[in-house]
Amino acid sequence: MKKEERVQWVYNSRNNQELAQRYDQWAKEYEEDLIECFGRLNREPIVDLTLKYVSKNALILDAGAGTGTMGQWLQEEGYQNLVGIDLSEGMLAEAKKKNVYTKLCQMVLGESLDFATATFHAVTLCGVFTYGHAPSSSFDELIRVTKPEGYIIFTLRPDFYKSSDFQDQMAALEAQGKWQLTELGDRYQAEPKGQPDMYLQTWVYQVIN
C-alpha cells in the first residue's frame, strides 16, 4: 500500500476493532508518513489555545493520543500532568516512548471511560473527530470526566461538522447547559501536500456541569 493511501484506508474502517487493528499496523510509520506525505507534523493551533485557557499545573486528558505528538507539544510548553488514551495498543506503545504521559490507557471514545466524574481540568483531542472515527456521543463522557469550568479543546473538519450529526449534538449539549462555546478558531489547511482542500478548525468549550 502506498503511504498516501493509508489515511483513506484508516478512514474506511468498518468498526472500532478494525480501526484499532489498522492503527496498530500503521503505528511505527505513522509520524514519518504524515511528515513525508502530508506536510505534517507542524504544531497544531490546539496547543496555543490550551496555553490560553488551561493552567500549567492542570491535569489534562489527551484523548485519542495516538503516538503522543500532542502530549509532546504540551510538555514542551510546561504541562507535566498528562494522561493519554487511545483505542490502539500500537499507537500507545509509540506514545510511551516519548515519556511525556503520567499514564496511558487503552480506551474507546464513544464508550464509557474508566475515570471518575470531574477528574480532569481539560481534555484535548486532535484529529479524532473525522470520518470513521470517534462519534459525537463521545462528548457525553468527555463532559462527565471534565471538572466544572474545565475545557474541552478539539479539532474538527468543517466539512465533517456540516455533513455529520456533530453540529446538532454540539448545539444540543449547549442548549442543555452542559457546556458553552468559548472560542472557535480560524479554518486552517490540515494536510497541504496530500489533500489541498482538507481544513480543520479548533473548538474550545467550557464545561458547565
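The values are calculated or read from the model by the stated rules, or taken from the named source; none is laboratory data. Note that the structure is a prediction, hence the values are computed from the model and not measured. Don't worry about glycine lacking a Cβ; one is built from the backbone with ideal geometry, like all the others, and counts go over all protein chains shown. Remember, those area values only see protein heavy atoms, side chains included, never the ligands or the DNA or RNA. Shrake-Rupley method; radii C 1.70, N 1.55, O 1.52, S 1.80 Å.
General remarks:
- Selection of region 99-123 for residues being among the aromatic types (F, W, Y), within 21 Å of D48 (Cα to Cα) and in a loop (DSSP other than H, G, I, E, B) yields only Y101.
- Scanning region 83-94 for residues that are open to solvent by less than 30 Å² (accessible area, probe 1.4 Å), within 23 Å of F139 (Cα to Cα) and not in a loop (DSSP other than H, G, I, E, B) returns V83, G84, I85, D86, M91, L92.
- For region 95-107, residues that are open to solvent by 30 Å² or more (accessible area, probe 1.4 Å) and not hydroxyl-bearing (S, T, Y) total 7.
- Filtering region 46-82 to residues that are in a helix (DSSP H, G or I) and open to solvent by less than 50 Å² (accessible area, probe 1.4 Å) leaves I46, V47, L49, T50, T69, M70, G71, W73, L74.
- Residue within region 11-33 that is open to solvent by less than 10 Å² (accessible area, probe 1.4 Å), hydroxyl-bearing (S, T, Y) and at pLDDT 55 or above present: no
- Unmet requirement for F120, which otherwise passes all of (1) open to solvent by less than 10 Å² (accessible area, probe 1.4 Å); (2) within 27 Å of M198 (Cβ to Cβ): (2)
- Of the strands (runs of 3 or more DSSP E) lying entirely inside region 124-209, those containing at least 3 residues that are polar (S, T, N, Q) and surrounded by 15 or more Cβ atoms within 10 Å (Cβ to Cβ) are 199-207.
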